[in-house]
Amino acid sequence: MRQHGKLEYGGQAAPQRTCVGCRVRTAKSELLRLVQVEDHVVPDLRGRLPGRGASLHPSLSCLELAERRRAFPRAFRVAGPLDVSPVRAHLEGEPRNVM
Ligand SMILES: [Zn+2]
């Protein structure tokens, strides 16, 4: 699954992704990768879950923006609403495991 990422500037730019919340392009390493598991959106903390991912700044405000903009169903190409509570729990630093 390669994507053609077109960089506007050459050289040694780190890979970048667009935050689905605030739409700011940021180095991939600073964004939280999210994946869809059934009707949940979960943080892919090890970067190893399969499937289409979405990137989000690890902040509740970006999560709320993404929810308001219905960015997750669009990012994951699904019709229905998605439950982002595992992501919120992660961002709020709850000690229990997601899923
Ligand atoms: Zn953001």
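Numbers for the structure displayed
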quantity	calculated
Residue among A27, A66, A54 that alone is without any contact (Cβ under 8 Å) to a residue 24 or more places away in the chain and aliphatic (A, V, I, L, M)	A27
Residue match in region 47-65 (condition: modelled with pLDDT under 95, part of a loop (DSSP other than H, G, I, E, B) and surrounded by 13 or more Cβ atoms within 10 Å (Cβ to Cβ))	yes
Any hit, region 30-39, residues being within 15 Å of the ligand (Cβ to nearest atom), in a strand (DSSP E or B) and of a type in the set (K, R)	yes
Region 38-51 - residue that is over 13 Å from the mean Cα position of the chain (by Cα) and touching a residue at least 12 places away in the same chain (Cβ under 8 Å) and, of those, nearest to H90 (Cα to Cα)	D39
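The values are calculated or read from the model by the stated rules, or taken from the named source; none is laboratory data. Only a predicted model underlies this, so the values are computations on that prediction, with no experimental measurement involved. Because the Cβ atoms are built from the backbone with ideal geometry, glycine has one as well, and the counts that use them run over all protein chains shown.
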